[in-house]
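The values are calculated or read from the model by the stated rules, or taken from the named source; none is laboratory data. Fair warning: this is a prediction, and the values are worked out from it, not measured in the lab. FYI the Cβ positions are ideal-geometry reconstructions off the backbone, even for glycines, and counts take in every protein chain you see. The area values use the complete protein model at the heavy-atom level, side chains included, leaving out ligands, DNA and RNA. Shrake-Rupley method; radii C 1.70, N 1.55, O 1.52, S 1.80 Å.
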Amino acid sequence: MTAIDYITVEQALDLIEDKMHIVTGLGASEAQSILSYIHTISKRINKLRISNCLSMKIYEFMQPEYTEKFLLSSWFYSSPVKKMHKNGNGTYMPNNLHFASTKFLASNHPNIYIGSCSQVDEHGYVSLSMGNTYERRMIDAADIVILEMNPNFPRTFGDVELHHSLVDHFIKVDYDVPELPSPELDEKDFIIGKYIDDLIEDGSTLQLGIGGIPNAVARQLYNKKDLGVHTEMLTSEIAKLAKAGVVTGQQKSLHRGKIVTTFILGNKELYDFVNNNPAVMVMDGHYTNHPQVIAQNDKQISINSAIEVDLTGQCASESMGSTQFSGTGGQVDTVRGSQDSMGGKSFIALYSTYMAKNPETGEKEEKSKIVDQLAQGSIVSLQRNDIDYVVTEYGAVQLKGKNILERVKLLISIAHPDFREQLLQDAIDYNIIGENHELFTEW
């Protein structure tokens, strides 16, 4: 095996020049050691651009005193990026996730890619380990590639194996793999989870996202048989289903018997499950999340959430008004792919209400998430043309193929009872439906 070029963090930082564009990995794949010290070069640079997705930590370069030096562009807003946004040096990159790499590279050139990997094996290969949403394509395009080789990172398979000779420099590190704690679930989560569980058949293929509701759905599925997985994100709850024998993939029509994902994020139990597990395939995000690929799985199920849904079915899933809250991610990819799947279904799941501060009184009050109109400035993440099922703690309704009059009445039926009468009146006042809507109620 040819010699591996190991350098220190300080030597890696010396390779960074003014006005470079640096890309790092998604979530747990980000280069923690380099990012922890990149602020130390601020005195010798004027501007530096960093592109990332789903930051797991608040690094020193994100602090206000470095606002003039570092611009962070992100495919997904986590808490650290939101704080930088307020300072003016954090900005969002709109994209459907399967296009994250290709559209980025169409107009950007990464000077340096920094990320994480497993230890090199006896054959001279490392694994990109926690994901390949865009990472391998950035490695192929970058002028310089630096990977932090970590013995704690699992060895995974798929599109993530990389011969060490394709990497310019390695840094030996020993930090823990970042974990994503499972959120506490409440009664609403389990009620919504049960509604969705009732609509999932044996042999279905799952896509589950981040959050309480997807976790609640997963915990309801232990009565199912031979489920498969083709998902953007591989979660701790999916690993538990696989270990329990619920997920076998034996009825999958694409990659039979395999769990397909593009990135992994959860707890140590999940990381132990994926380590050296040939049943787990970590694939290129342009492939995994492509709607035409997703659709090749019969009975594909996608489960996503939203911040608000209007009475026609438009979903605001990533912003609160004009304020960016998260990101589009793979919602459109998985929704369209699942509906093109034979027997597939897509679910948008959300609580019927939320608590908000009244600007006049300062008191918190309950607001409906089913609304006559989305909040001013809201980003429409999912068009009403793409909607299938919407689920709250008050029920599950299918909007696919329904006209606006039917949609209004179905969505009002799963809104909180305290808001239903007003929503119906608003629908009339805003001319969403006509005054004589009752003429066709029983038809």
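Could you grab me the full set of residues in the stretch 62-80 that are touching a strand residue (DSSP E or B) at 6+ places or on another chain (Cβ under 6 Å) and within 20 Å of Ile41 (Cα to Cα)?
Phe70, Leu71, Leu72, Ser73
Of all residues in the stretch 191-241, which are touching a His at 6+ places or on another chain (Cβ under 8 Å) and either over 21 Å from Val274 (Cβ atoms) or not hydroxyl-bearing (Ser, Thr, Tyr) (or both)?
Result: Leu206, Gln207, His230.
Please tell me if Ser352 is at pLDDT 95 or above, polar (S, T, N, Q), farther than 12 Å from Gly313 by Cβ and crowded, with 18+ Cβ neighbours inside 10 Å.
yes
Quick one: which residue in Gly343, Gly362, Gly329 is at pLDDT below 95, in contact with a strand residue (DSSP E or B) (Cβ under 9 Å, 6 or more places away or on another chain) and part of a loop (DSSP other than H, G, I, E, B)?
Sole residue among the options that is at pLDDT below 95, in contact with a strand residue (DSSP E or B) (Cβ under 9 Å, 6 or more places away or on another chain) and part of a loop (DSSP other than H, G, I, E, B): Gly329.
What pairs come out if I take residues in the stretch 147-158 that are more than 18 Å from Thr133 (Cβ to Cβ) and pair them with residues that are assigned to a strand (DSSP E or B) whose C-beta lies under 7 Å away, six or more apart or interchain?
Short answer, once both residue conditions are applied: Met149/Cys117; Met149/Val126; Met149/Phe170; Met149/Ile171; Met149/Lys172; Asn150/Ser116; Arg155/Ser127.
Using beta carbons and a limit of 6 Å, which pairs, at least six apart or on different chains, have the first residue in the stretch 232-249 and within 17 Å of Asp197 (Cα to Cα) and the second one open to solvent by less than 10 Å² (accessible area, probe 1.4 Å) and small (Gly, Ala, Ser)?
Final answer for the pair search is Glu237/Ala218.
Failed condition for Gln220, given (1) over 16 Å from Met281 (Cα atoms); (2) touching a Ser or Thr at 6+ places or on another chain (Cβ under 8 Å), with all others met?
Going through the list (1) over 16 Å from Met281 (Cα atoms); (2) touching a Ser or Thr at 6+ places or on another chain (Cβ under 8 Å), Gln220 breaks only (2).
Within the stretch 99-115, how many residues are open to solvent by 10 Å² or more (accessible area, probe 1.4 Å) and touching a strand residue (DSSP E or B) at 6+ places or on another chain (Cβ under 7 Å)?
3
I need the full set of residues from the stretch 387-408 which are in a helix (DSSP H, G or I), surrounded by 20 or more Cβ atoms within 10 Å (Cβ to Cβ) and either among the small types (Gly, Ala, Ser) or out of contact with any helix residue (DSSP H, G or I) (no Cβ under 6 Å at 6 or more places or on another chain) (or both), in order please.
Answer for the stretch 387-408, where residues must be in a helix (DSSP H, G or I), surrounded by 20 or more Cβ atoms within 10 Å (Cβ to Cβ) and either among the small types (Gly, Ala, Ser) or out of contact with any helix residue (DSSP H, G or I) (no Cβ under 6 Å at 6 or more places or on another chain) (or both): just Arg407.
Which members of the stretch 13-26 meet the condition of being buried (at least 23 other Cβ atoms within 10 Å of the Cβ) and part of a helix (DSSP H, G or I)?
Correct list: empty.
Scan His39, His85, His98 and give me the residue that is within 15 Å of the chain's Cα centre (by Cα), outside any loop (DSSP other than H, G, I, E, B) and in contact (Cβ under 8 Å) with a residue 12 or more places away in the chain.
His98
Which ones in the stretch 216-245 are surrounded by fewer than 19 Cβ atoms within 10 Å (Cβ to Cβ) and not in a helix (DSSP H, G or I)?
Lys224, Lys225, Asp226, Ala244, Gly245, listed by residue number.
What is the one condition in (1) in a loop (DSSP other than H, G, I, E, B); (2) closer than 20 Å to Ile34 by Cα that Ile139 does not satisfy?
Just one mismatch for Ile139, condition (1).
Which pairs have Cβ atoms under 9 Å, sit 6 or more apart or on different chains, and link a residue in the stretch 377-401 that is under 16 Å from Asp198 (Cα atoms) to one that is of a type in the set (S, T, N, Q) and in a loop (DSSP other than H, G, I, E, B)?
Thr392/Ser352; Glu393/Ser352; Tyr394/Ser352
Collect the residues in the stretch 136-148 that are in contact with a helix residue (DSSP H, G or I) (Cβ under 6 Å, 6 or more places away or on another chain), within 22 Å of Asn95 (Cα to Cα) and crowded, with 21+ Cβ neighbours inside 10 Å, keeping them in residue-number order.
Arg137
Go through the stretch 193-231 and report how many residues are in contact (Cβ under 8 Å) with a residue 60 or more places away in the chain, under 22 Å from the mean Cα position of the chain (by Cα) and over 23 Å from Phe76 (Cβ atoms).
Residues meeting the conditions: 5.
Check Tyr6 against each of (1) crowded, with 19+ Cβ neighbours inside 10 Å; (2) of a type outside the set (A, V, I, L, M); (3) in contact with a Phe, Trp or Tyr (Cβ under 6 Å, 6 or more places away or on another chain) and name the one condition it does not meet.
Unmet for Tyr6, out of (1) crowded, with 19+ Cβ neighbours inside 10 Å; (2) of a type outside the set (A, V, I, L, M); (3) in contact with a Phe, Trp or Tyr (Cβ under 6 Å, 6 or more places away or on another chain): (1).
Determine, yes or no, whether Pro151 is out of contact with any Ser or Thr (no Cβ under 7 Å at 6 or more places or on another chain), within 30 Å of Ile348 (Cα to Cα) and surrounded by fewer than 17 Cβ atoms within 10 Å (Cβ to Cβ).
Here the answer is no, as Pro151 does not meet what is asked.
When Gly362 is evaluated against the numbered criteria (1) open to solvent by 20 Å² or more (accessible area, probe 1.4 Å); (2) under 28 Å from Leu405 (Cα atoms), which criterion, by number, is the only one it fails?
The number of the failed condition is (2).
Hey, among the residues in the stretch 53-81 that are part of a strand (DSSP E or B) and out of contact with any helix residue (DSSP H, G or I) (no Cβ under 8 Å at 6 or more places or on another chain), which one's least open to solvent (accessible area, probe 1.4 Å)?
Per the stated criteria, the residue is Ser73.
Just give me the residues in the stretch 203-215 being more than 9 Å from Gly193 (Cα to Cα), polar (S, T, N, Q) and outside any strand (DSSP E or B), in sequence order.
Matches in the stretch 203-215: Ser204 only.
Could you check Gly212 against (1) modelled with pLDDT of 95 or more; (2) open to solvent by less than 50 Å² (accessible area, probe 1.4 Å); (3) under 24 Å from Ala396 (Cα atoms) and say which number it fails?
Answer for Gly212: the failing condition is (1).
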